[in-house]
Amino acid sequence: MRDNKIYLQASEMPTEYYNILPDLPSPLAMPLNPATKEPISPNDLSAIFPEELIMQEMSPERFIKIPEEVLNIYTISRPTPVIRAFRLEEFLGTPAKIYFKYEGVNPAGSHKTNTAIAQAYYNKRAGIKKLVTETGAGQWGSALSIAAQHFGIQLEVFMVKVSINQKPYRRTMMRLHGATVHASPSNLTNTGRAILEKEPNSPGSLGMAISEAVEIAASSNDTNYSLGSVLNHVLLHQTIIGEEAKKQLAKVGEYPDIIIGCSGGGSNFGGISFPFLRDKLTGDKKDLRVIAVEPASCPSLTHGKFAYDFGDTAGYTPLMKMFTLGHNFIPPKIHAGGLRYHGMAPTVSNLYKNGMIEAQSFHQIEVFDAAKTFIQTEGIIPAPESAHAIKATIEEAKKCKETGEAKTILFNLSGHGFLDLGAYDMYIDNKLEDYKLPEELIFRYLAELPEVEE
Ligand SMILES: Cc1ncc(COP(=O)(O)O)c(C=O)c1O
């Protein structure tokens with residue numbers, strides 16, 4: 001028998017998150033207050049976030065201790081395995097060694113649980129009774145519903161309308177864990193009502209759902225907002241993935257040549273790659289290649305602009321310097337709902353701008369083709385988001401076949417696709433479409449970026 005899995009015991013789990021802020025190649029541009037366009041102060045954020053998360057958002061400390069209570073809950077599913085994809089390698093006939101970190105074993109089915117538990121914990125400590133959030137594909141909402149229930153916090157979720165229709169059982173999951181779920185845009189908020197008035201059949205977007213959730217959270221003292229990606233503290237919590245993977249690969253004497261992660265707002269990508277990027281940033285692993293993979297229909301890194309933009313449609317969030325397609329951009333209705341976001345985390349954007357990471361984009365059908373290859377070799381049904389990383393991995397492994405190089409590739413399988421079977425049905429029946437994004441559409445939304453003097 002070949003040993004194809006590398007496990008860690010709970011007692012071997014990393015006890016600190018890695019904060020990339022002090023190691024970034026250039027300082028992160030300060031987020032700006034959306035009204036004054038002045039650098040934001042911790043006070044500006046305190047209406048919707050607890051103090052400890054605000055401190056993490058701006059922390060200069062390289063390592064941040066994971067609280068004991070959070071580690072304890074992590075042990076429900078962590079440490080997650082690193083698996084060698086021997087069968088995929090053989091099928092491709094590649095000399096490359098392919099490893100994947102499998103986050104689909106987490107209770108909600110994806111990596112999102114890692115920050116959900118931490119955020120619910122810090123909000124509970126701050127005396128918060130209720131959290132409000134948005135969710136795209138439903139992965140984030142289900143992860144937070146589990147975490148909120150664990151800490152006895154109520155949860156209200158604005159779920160992007162097109163995703164509710166595509167993935168009704170995600171809503172079931174959230175409701176089972178006690179959350180209230182609304183289709184966004186809704187008529188419960190000023191933002192939702194304004195959007196519906198202009199476009200009654202709006203499919204919704206993450207940007208719109210964020211505006212609705214922030215609006216509700218800002219209007220009540222014991223209610224906070226929680227975001228599942230993009231912000232520094234979210235990516236910080238996700239570094240447990242890469243910290244574990246590093247220990248696991250070290251157990252078999254490996255260090256990756258290439259790291260690959262799909263990227264919507266950037267949290268799964270940051271989670272798997274930042275702990276390794278630390279070695280590149282300090283000069284120890286200069287040749288490490290790190291690839292962020294996004295959908296061709298929502299290509300913020302590969303076709304967006306590096307500029308200050310809002311994180312949401314209505315312009316309630318701070319202005320962040322990031323690669324963006326414009327906060328008014330509504331991505332086509334692809335089935336990787338978690339990758340339908342107009343911007344990219346400021347930290348990931350900073351690394352891309354400084355040439356420390358690469359970005360690639362793929363169309364929906366080629367991504368599902370790659371998922372099928374993975375399903376038929378490794379037996380796991382990936383989330384369509386994660387399948388973007390599989391597609392990029394297969395391409396890199398094929399290059400190794402051409403050159404004869406036995407590179408070590410690590411990708412993050414960020415979630416399973418058990419609640420995405422409707423999308424897979426469409427794929428099997430040849431009903432999926434590739435959406436070609438017209439250049440003029442991108443220019444149109446980029447022309448609507450807020451004006452900021454720098
Ligand atoms: C399985 C899965 N992977 C990846 C993502 C992308 O989000 P992020 O870029 O924050 O990791 C999502 C978002 O919902 C997801 O559900």
Requested in this report: Mind giving me the nanometre distance, one decimal, between the label points for Thr282 and Asn430, set 7 Å out from Cα along Cα→Cβ?
Outcome: 5.5
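Restricting to the range 219-347, what percent of DSSP beta bridges are antiparallel, rounded to 5? Before the final figure, lay out the partial values.
On the way: 7 of 12 bridges.
Percentage antiparallel, nearest 5: 60.
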Query raised in the report: Can you list residues whose amide H is under 5 Å from Thr135's amide H, if they're 5+ apart or on another chain and H is modeled 1.01 Å from N?
Result: Phe158, Met159, Val160
Query - Helix-only mean residue ellipticity at 222 nm for the chain, each DSSP H run of n ≥ 4 adding -39500 (n - 2.57), per residue, nearest 500 - result: -12000 deg cm²/dmol
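Could you pull out the pairs from Lys285/Lys401; Lys101/Lys305; Lys285/Lys407; Lys251/Lys372 whose alpha carbons sit more than 21 Å apart here? Could you put the intermediate results ahead of the total?
Working: Lys285/Lys401 24 Å; Lys101/Lys305 31 Å; Lys285/Lys407 14 Å; Lys251/Lys372 30 Å.
Over 21 Å apart, Cα to Cα: Lys285/Lys401; Lys101/Lys305; Lys251/Lys372.
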Report summary line: Given the candidates Asn106, Val82, Ala96, the one whose Cα lies deepest towards the positive end of the charge dipole of the range 76-170, counting +1 at each Lys or Arg C-beta and -1 at each Asp or Glu C-beta, is Asn106
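Quick check: residue separation of Glu16 and Thr172 times 0.36 nm, minus the Cα distance between them. What number comes out in nm?
Once the chain is fully extended between Glu16 and Thr172, it gains 52.8 nm.
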Query raised in the report: From the backbone phi of the range 354-367, what are the Karplus-calculated ³J(HN,Hα) couplings (6.51 cos²θ - 1.76 cosθ + 1.60, θ = phi - 60°) in whole Hz, Gly and Pro given as x?
Result: 8, x, 8, 9, 10, 9, 9, 10, 9, 7, 4, 5, 5, 5
Report task. Could you please state how large a percent of the accessible area of the chain is carbon and sulfur, counting protein chains only and using a 1.4 Å probe? Result -> 50
Query raised in the report: Label-point separation (nm) for Asn187 and Glu61, each offset 7 Å from Cα along Cα-to-Cβ?
Result: 4.9
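Kindly report the accessible area of the chain per residue (heavy atoms of protein chains, probe 1.4 Å, no ligands, DNA or RNA), in Å². Could the numbers behind the result be given before it?
Working: 17460 Å² over 454 residues.
Averaged over the residues of the chain, the accessible area is 38 Å².
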Report summary line: Between Lys97 and residues 5 or more places away or on another chain, the pairs with built amide H atoms under 5 Å apart involve Lys407, Thr408, Ile409
Requested in this report: Measure off 7 Å from each Cα along the Cα-to-Cβ vector at Lys251 and Ala126, then give the distance between these two points in nanometres to one decimal.
Outcome: 3.6
Requested in this report: Take every DSSP beta bridge whose two residues both sit in the chain, then give the antiparallel share in percent to the nearest 5.
Outcome: 35
Query raised in the report: Between the helical axis of 232-251 and the dominant principal axis of the chain, each derived from Cα atoms, what acute angle in degrees is found, rounded to the nearest 10?
Result: 10
Query raised in the report: Across the range 43-55, in residue order, what do the Karplus-derived ³J(HN,Hα) couplings come to in whole Hz, using 6.51 cos²θ - 1.76 cosθ + 1.60 with θ = phi - 60° and x for Gly and Pro?
Result: 4, 4, 8, 6, 5, 10, 10, x, 4, 5, 6, 5, 5
**Report entry** Gyration tensor verdict on the range 281-347 (Cα atoms; rounded if a/c is under 1.5, prolate if a/b is larger than b/c, oblate otherwise)
**Finding:** oblate
Report task. Just check the range 93-239 against the gyration tensor rule for me: Cα atoms, a ≥ b ≥ c as the square roots of the eigenvalues, rounded for a/c under 1.5, and otherwise prolate or oblate depending on whether a/b exceeds b/c. Result -> oblate
Report summary line: per DSSP, antiparallel bridges as share of beta bridges in the range 281-416, % nearest 5, sits at 60
Query raised in the report: Within the range 288-325, whose backbone N sits under 19 Å from a point 7 Å along Cα→Cβ of Glu439?
Result: 296-306, 324-325
Query raised in the report: In sequence order, what are the phi-derived ³J(HN,Hα) couplings for the range 264-272 according to the Karplus relation 6.51 cos²θ - 1.76 cosθ + 1.60 with θ = phi - 60°, rounded to whole Hz, with x for glycine and proline?
Result: x, x, x, 6, 5, 5, x, x, 6
Report task. For a label point 7 Å from the Cα of Thr75 along Cα→C-beta, name the residues of the range 8-24 whose backbone N is under 13 Å from it. Result -> 9-14
Query raised in the report: Amide H neighbours of Phe362 under 5 Å, counting only residues 5+ apart in sequence or on other chains, H built in-plane at 1.01 Å?
Result: Glu294, Ala296
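What is the chain by shape, rounded, prolate or oblate, if you read a ≥ b ≥ c off the alpha carbon gyration tensor as root eigenvalues and call it rounded for a/c under 1.5, prolate for a/b larger than b/c, and oblate otherwise? Before the final figure, lay out each step's value.
Details: a/c = 1.38, a/b = 1.26, b/c = 1.10.
Note, shape of the chain comes out rounded.
The values are calculated or read from the model by the stated rules, or taken from the named source; none is laboratory data. Worth saying up front: this structure is predicted, and the values here are computed from it rather than measured. Here Cβ is always computed from backbone atoms with ideal geometry, including for glycine, and neighbour counts include all displayed protein chains. Calculation scope for accessible area: heavy atoms of the full protein, side chains included, ligands and nucleic acids excluded. Shrake-Rupley method; radii C 1.70, N 1.55, O 1.52, S 1.80 Å.
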